[in-house]
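**Q** Here you go, one structure.
The values are calculated or read from the model by the stated rules, or taken from the named source; none is laboratory data. Note that this is a predicted model, so its numbers are computed, not measured. Every residue, glycine as well, gets a Cβ built from its backbone with ideal geometry; the counts of neighbours run over all protein chains shown. For the accessible areas, the whole protein counts, side chains as well, though only heavy atoms, and no ligand, DNA or RNA atoms are used. Shrake-Rupley method; radii C 1.70, N 1.55, O 1.52, S 1.80 Å.
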Amino acid sequence: MKAAVYTQYGPPDVVVQITDVEKPVPKDDELLIKVRAASVNPLDSHLTKGGPYIVRLLLRLGKPKIKRPGVDVAGQVEAVGKNVTQFKPGEAVFGLCKGAFAEYLCAPESALVVKPENITFEQAASVPVAALTALQGLRDKGHIQAGQKVLINGAAGGVGTFAVQIAKSFGAHVTAVCSTRNVDMVRSIGADHVIDYTQQDFTKTNPTNGEGYDIIFDNVSNHSLSKCRRLLNPKGINLMVGVLGGRGIISLLTRLVTALIWSRFISQKFVFFVAKLNKQDLTLLSELMATGKVTSVIDRCYRLNQVPEAIRYLSEQHARGKVVITLQ
Ligand SMILES: NC(=O)c1ccc[n+]([C@@H]2O[C@H](COP(=O)([O-])OP(=O)(O)OC[C@H]3O[C@@H](n4cnc5c(N)ncnc54)[C@H](OP(=O)(O)O)[C@@H]3O)[C@@H](O)[C@H]2O)c1
């Protein structure tokens, strides 16, 4: 079968190749999935690049062995191991599993849920990492409540488009930050107010009615924490979700240390988190998709042989929603 692999770190369009590998055989507690669609995340380019050189050095990461990018998958169950109880061959599923840019993969049943019939494989494959990040950030770390004011920086990307819709599904008032070309799109998925960052610096604006935001969901981290703090209400929470725009590991560490020191002295919270695979959350997202409360915004679809190009496109950091690999 064909799969995307890389055997050295570097730019995705140089190191990632589509090659023949052995078709996997499911273990007793695994399912064999025929992949119908997969989606690309910033993680894929971080992994193929091997992260910042200093991190590789500190972790003593040498040359990678054969590595397979891709973690978001949707497909059909082709076979099940003898201990699998929740799925049967022929069912359509989606979830999280390494090596998703391939014709087949094996995954444990804890990583997958049934795909609603009314959403496509491409829409389903867009969900796992991006929507779990939005859901777990807003609900578990932000403790979002109906009527709260939420600002989403980086609202037009994979995580941001889900964050806008999930915040709205909780009944929040959403202010979205994106560039001019995405203003109409983020409005169409529910944002109440949009700030075009090419025209206006959101940290220089006055939050709605002069009251602060309850949550800032920050995918970009391009403003100092003190500028963001000015926008928060006294109990507000700033979620440090991601870093875009070439700011490196030093900038991230500085923000983490600042947040740690501030936590002893100020009432607002600055929280860094990493989303986790959670089957219940995937089921909830599946329901939100099936009922149309949340939808995938898909920028581009690529074929399996275009995976290097797809990862490179996403790493330019201006995708509108999700970038998908289709194997239909
Ligand atoms: N903590 C976690 O568990 C977790 C999980 C997943 C991802 N992440 C991180 O979260 C971040 C976002 O992930 P993603 O999948 O959404 O990435 P993405 O899809 O590549 O995000 C691209 C989007 O970022 C927007 N953007 C770029 N520069 C911007 C700026 N200066 N101001 C506002 N928006 C800007 C772009 O909109 P415009 O074209 O309009 O500029 C584009 O739509 C990444 O750093 C990723 O590594 C963290």
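**Q** Kindly evaluate R303 against the criterion of being open to solvent by 30 Å² or more (accessible area, probe 1.4 Å), under 18 Å from the mean Cα position of the chain (by Cα) and farther than 22 Å from G137 by Cα.
**A** Answer is no for this residue.
**Q** Got at least one residue in segment 204-225 being within 25 Å of A146 (Cβ to Cβ), among the charged types (D, E, K, R), within 14 Å of the ligand (Cβ to nearest atom) and in contact with a helix residue (DSSP H, G or I) (Cβ under 9 Å, 6 or more places away or on another chain)?
**A** yes
**Q** Would you confirm, using the coordinates I've provided, whether K293 is of a type outside the set (G, A, S), loosely packed, with under 13 Cβ neighbours inside 10 Å, more than 30 Å from D20 (Cβ to Cβ) and touching a helix residue (DSSP H, G or I) at 6+ places or on another chain (Cβ under 9 Å)?
**A** Here the answer is no, as K293 does not meet what is asked.
**Q** From (1) within 9 Å of the ligand (Cβ to nearest atom); (2) of a type in the set (S, T, Y); (3) touching a helix residue (DSSP H, G or I) at 6+ places or on another chain (Cβ under 6 Å); (4) open to solvent by less than 50 Å² (accessible area, probe 1.4 Å), pick out the condition that doesn't hold for T198.
**A** Of the numbered conditions (1) within 9 Å of the ligand (Cβ to nearest atom); (2) of a type in the set (S, T, Y); (3) touching a helix residue (DSSP H, G or I) at 6+ places or on another chain (Cβ under 6 Å); (4) open to solvent by less than 50 Å² (accessible area, probe 1.4 Å), the odd one out for T198 is (4).
**Q** Of the residues L232, L277, L239, L284, which is crowded, with 20+ Cβ neighbours inside 10 Å and within 22 Å of L132 (Cα to Cα)?
**A** Just a single option satisfies the conditions, and that option is L239.
**Q** Shifting gears a bit: List, please: which pairs have Cβ atoms under 8 Å, are six or more places apart or on different chains, and start with a residue in segment 284-295 that is at pLDDT 95 or above and end with one that is among the β-branched types (V, I, T) and in a helix (DSSP H, G or I)?
**A** L288/I166; V294/I166
**Q** Could you figure out which of (1) open to solvent by 30 Å² or more (accessible area, probe 1.4 Å); (2) modelled with pLDDT under 95; (3) away from the ligand (no atom under 12 Å from the Cβ); (4) small (G, A, S) isn't true of S188?
**A** (2)
**Q** Name the residues in segment 232-251 that are of a type in the set (A, V, I, L, M, F, W, C), away from the ligand (no atom under 13 Å from the Cβ) and more than 17 Å from F202 (Cβ to Cβ), would you?
**A** I250
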